[in-house]
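The values are calculated or read from the model by the stated rules, or taken from the named source; none is laboratory data. Not measured: the values here are computed from a predicted model. Heads up, the Cβs are rebuilt from the backbone with ideal geometry, glycines too, and the neighbour counts pull from every protein chain shown.
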Amino acid sequence: MELSPLLSDKSILAVFIAVLLLAQASFAGSVRYTPDWESLDSRPLPAWYDQDKIGIFLHWGVFSVPSFVNAWFWYWWKGPQPHLDIVTYMKQNYRPDFTYADFAKEFTTEFFDPYRWAEIFNASGARYVVQVTKHHEGFTSWPSKYSWNWNAGDVGPNRDLVEELSTAIRKKTNLRYGVYHSLFEWFNPLFLKDKANNFTTQDFVLSKTLPELYELVNKYKPDVVWSDGSGNTIDTYWNSKQFIAWLYNDSPVKDTVVTNDRWGTNCGCKHGGFLTCGDRYNPKKKQNRKWENAMTIDRKAWTFRRNAQLSDFLTVEELLAEIIQTVSCGGNILINVGPTKEGTIAPIFEERLRQMGSWLRVNGEAIYGTSPWTHQNDTLHPNVWYTTRKETPGTVYALVLKWPSNLQLPLGAPTPTDSTSVTLLGYNEDIPWEGLLKAPGIIILPPALSVQEIPCLWAWVFKITNIKME
Ligand SMILES: *[C@@H]1O[C@H](CO)[C@@H](O)[C@H](O)[C@H]1NC(C)=O
Ligand SMILES: *[C@@H]1O[C@H](CO)[C@@H](O)[C@H](O)[C@H]1NC(C)=O
Ligand SMILES: *[C@@H]1O[C@H](CO)[C@@H](O)[C@H](O)[C@H]1NC(C)=O
């Protein structure tokens, strides 16, 4: 039988198209995600995120002008349940017709030097930065087309704070840059209207939230999109699944971007990329999915507070304990700093960050690129936490929050073998050890170290090799 020339042309064309499609699919490695949680939750996190472990969070916006109480200042002044301290502060210090919007022109940022910030963040040992680009007050730190007269280009800084910081970080360091973005805005009339309609209308989402999110991602190409502020409503109102599908399939950062779980009241601790659950989430237990502990150096607030006291800030020991517990349990930690309205990072924050960096330069081997071990904390010793590295099975890092006072550190979790050796990161000589007498376990016998010999001043890491594999 002879094919008509037309038919054979068509079938050649069909085969050609099929080959093209196949080639395209395999070229992109290409799973395409569909806008449902089953598909979106199945995306493996880009590897950098689990490896990098430590990020810096920056809450900087109009709330940095009053810099009093916290970033919820406006809501607690004018919202349905005003807080007396804020109401009184405003009565005593401002004229009666002063509005929150009047604070914006005082967001002066005259000392903001993004290259100086980048140097501090790099010195801290953190590997990524997440900048608040719009909090619940609605003020955008970039000159958004969708935030008329309520953005950093039009009022206050008269600068693009997102462009400046992302550029400095990328030019000066190897850190990744990410954005925090609030879905809802407390007092936006369109949001309030959709809310009054029981979220059966989506005027706010379609004209504000989504255009703004696309603008942010297309323009600044962040590697983290840290969503927040579900405004007591669910993902379907926010079109979250559609947005994330675009982020994973077609956005300019589709291969590197990570996102969190705050995409609607039904998503927290359940759907999205990494899980943040609540603020300052530190479960002290290994979790099944990748998670992040977003916490603050000032234990009382996310924003700079002019009336903070020294005791409000985590000590370096407390900060390191938080990092160590988090990483042992498979989490990342996002450490918040509140810059001032003038654009400076107060010395107390800078000091904590530089201390953290000095510790990580000695002990980073036990943090970056590690995985949780069989045990997270020791069975005998509450101040000892563990990490391990996939590429060196049989080696564990014991991270010790208190130097063993009698120079004996009995540990119940690792069982030594004849070829076990123990070292102290940052110290050159082998550390003696003994087996535990009646149980599996090890007693590490560190020598008395002088101030010159001790590798760091807070939290020490014993590297134990060739332990018995479980
Ligand atoms: C960033 O930090 C690393 C590690 O401490 C250091 O070697 C490098 O010089 C720093 N880079 C800048 C630009 O400060
Ligand atoms: C919203 O829901 C409430 C309670 O279900 C109902 O009383 C109210 O009439 C609804 N409003 C609108 C605008 O649909
Ligand atoms: C540490 O490990 C023990 C089990 O050995 C466990 O009971 C305890 O809850 C763990 N967590 C903390 C924070 O100590």
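Hey, can you tell me all the residues within the range 173-194 that are surrounded by 17 or more Cβ atoms within 10 Å (Cβ to Cβ), over 18 Å from the mean Cα position of the chain (by Cα) and not aromatic (Phe, Trp, Tyr)?
From the range 173-194, those surrounded by 17 or more Cβ atoms within 10 Å (Cβ to Cβ) are 173, 175-186, 188, 190-191, 194; that's our starting set.
Subsequent filtering for residues that are over 18 Å from the mean Cα position of the chain (by Cα) retains 184-186, 188, 190-191, 194.
Of everything in the range 173-194, those that are surrounded by 17 or more Cβ atoms within 10 Å (Cβ to Cβ), over 18 Å from the mean Cα position of the chain (by Cα) and not aromatic (Phe, Trp, Tyr) turn out to be 185, 188, 190, 194.
Would you please name the residue that is modelled with the lowest pLDDT, looking only at residues in the range 365-408 that are of a type in the set (Ser, Thr, Tyr) and in a loop (DSSP other than H, G, I, E, B)?
Quick first cut of the range 365-408, residues of a type in the set (Ser, Thr, Tyr) only: 368, 370-371, 374, 379, 386-388, 392, 395, 397, 405.
Narrowing the set further to residues that are in a loop (DSSP other than H, G, I, E, B) leaves 368, 370, 374, 379, 392, 395, 405.
Numbers: 368: 99, 370: 98, 374: 96, 379: 94, 392: 96, 395: 98, 405: 81.
Once the filter is applied, the top-ranked residue is 405.
Of all residues in the range 277-313, which are farther than 27 Å from residue 396 by Cα, without any contact (Cβ under 8 Å) to a residue 60 or more places away in the chain, surrounded by 14 or more Cβ atoms within 10 Å (Cβ to Cβ) and touching an Asp or Glu at 6+ places or on another chain (Cβ under 7 Å)?
Correct list: 298, 308, 312, 313.
Which condition number in (1) closer than 24 Å to residue 450 by Cα; (2) in a loop (DSSP other than H, G, I, E, B) is the one that residue 416 fails?
(1)
Given the options 233, 315, name the one that is more than 16 Å from ligand 1 (Cβ to nearest atom), in contact with a Phe, Trp or Tyr (Cβ under 7 Å, 6 or more places away or on another chain), more than 19 Å from residue 50 (Cβ to Cβ) and among the polar types (S, T, N, Q). Quick ask: steps written out before the conclusion?
Working: 315 fails: in contact with a Phe, Trp or Tyr (Cβ under 7 Å, 6 or more places away or on another chain).
Of 233, 315, the one residue that is more than 16 Å from ligand 1 (Cβ to nearest atom), in contact with a Phe, Trp or Tyr (Cβ under 7 Å, 6 or more places away or on another chain), more than 19 Å from residue 50 (Cβ to Cβ) and among the polar types (S, T, N, Q) is 233.
Kindly check whether there is at least one residue in the range 186-202 that is more than 16 Å from ligand 3 (Cβ to nearest atom) and under 15 Å from residue 262 (Cβ atoms).
Quick first cut of the range 186-202, residues more than 16 Å from ligand 3 (Cβ to nearest atom) only: 186-202.
Next, from what is left, pick out any that are under 15 Å from residue 262 (Cβ atoms): none.
Taking every residue of the range 186-202 in turn, none turns out to be more than 16 Å from ligand 3 (Cβ to nearest atom) and under 15 Å from residue 262 (Cβ atoms).
Would you say residue 227 is over 17 Å from residue 146 (Cβ atoms) and more than 16 Å from ligand 2 (Cβ to nearest atom)? Walk me through how you get there before you give the answer.
Values: over 17 Å from residue 146 (Cβ atoms): no; more than 16 Å from ligand 2 (Cβ to nearest atom): yes.
Spelling it out, it is not the case that residue 227 is over 17 Å from residue 146 (Cβ atoms) and more than 16 Å from ligand 2 (Cβ to nearest atom).
How many residues are among the hydrophobic types (A, V, I, L, M, F, W, C), more than 14 Å from ligand 1 (Cβ to nearest atom) and assigned to a helix (DSSP H, G or I) if we restrict to the range 104-129?
Total satisfying the criteria: 1.
State all residues of the range 365-388 that are over 23 Å from residue 128 (Cβ atoms) and either surrounded by fewer than 17 Cβ atoms within 10 Å (Cβ to Cβ) or without any contact (Cβ under 8 Å) to a residue 12 or more places away in the chain (or both); if no residue qualifies, say none.
Selection gives 374, 379, 380, 382, 383.
Pairs needed: first member in the range 389-406, among the β-branched types (Val, Ile, Thr); second member anywhere, modelled with pLDDT of 95 or more and in a loop (DSSP other than H, G, I, E, B); C-beta distance under 6 Å; at least 6 residues apart or different chains.
These pairs meet every condition: 395/465; 396/373; 396/414.
Given the structure, is residue 151 surrounded by 23 or more Cβ atoms within 10 Å (Cβ to Cβ) and free of Cβ contacts under 8 Å to residues at least 40 places away in the same chain?
Details: surrounded by 23 or more Cβ atoms within 10 Å (Cβ to Cβ): yes; free of Cβ contacts under 8 Å to residues at least 40 places away in the same chain: yes.
The answer is yes for residue 151.
Quick one: would you say residue 210 is among the aliphatic types (A, V, I, L, M), surrounded by fewer than 21 Cβ atoms within 10 Å (Cβ to Cβ) and without any contact (Cβ under 8 Å) to a residue 12 or more places away in the chain? Quick ask: steps written out before the conclusion?
Working: among the aliphatic types (A, V, I, L, M): yes; surrounded by fewer than 21 Cβ atoms within 10 Å (Cβ to Cβ): yes; without any contact (Cβ under 8 Å) to a residue 12 or more places away in the chain: no.
For residue 210, the condition - among the aliphatic types (A, V, I, L, M), surrounded by fewer than 21 Cβ atoms within 10 Å (Cβ to Cβ) and without any contact (Cβ under 8 Å) to a residue 12 or more places away in the chain - is not met.
Can you name every residue in the range 421-463 that is among the polar types (S, T, N, Q) and modelled with pLDDT under 95? Walk me through how you get there before you give the answer.
Let us first name the residues in the range 421-463 that are among the polar types (S, T, N, Q), namely 421, 423, 428, 450, 452.
Hits for the range 421-463 are 428, 450, 452.
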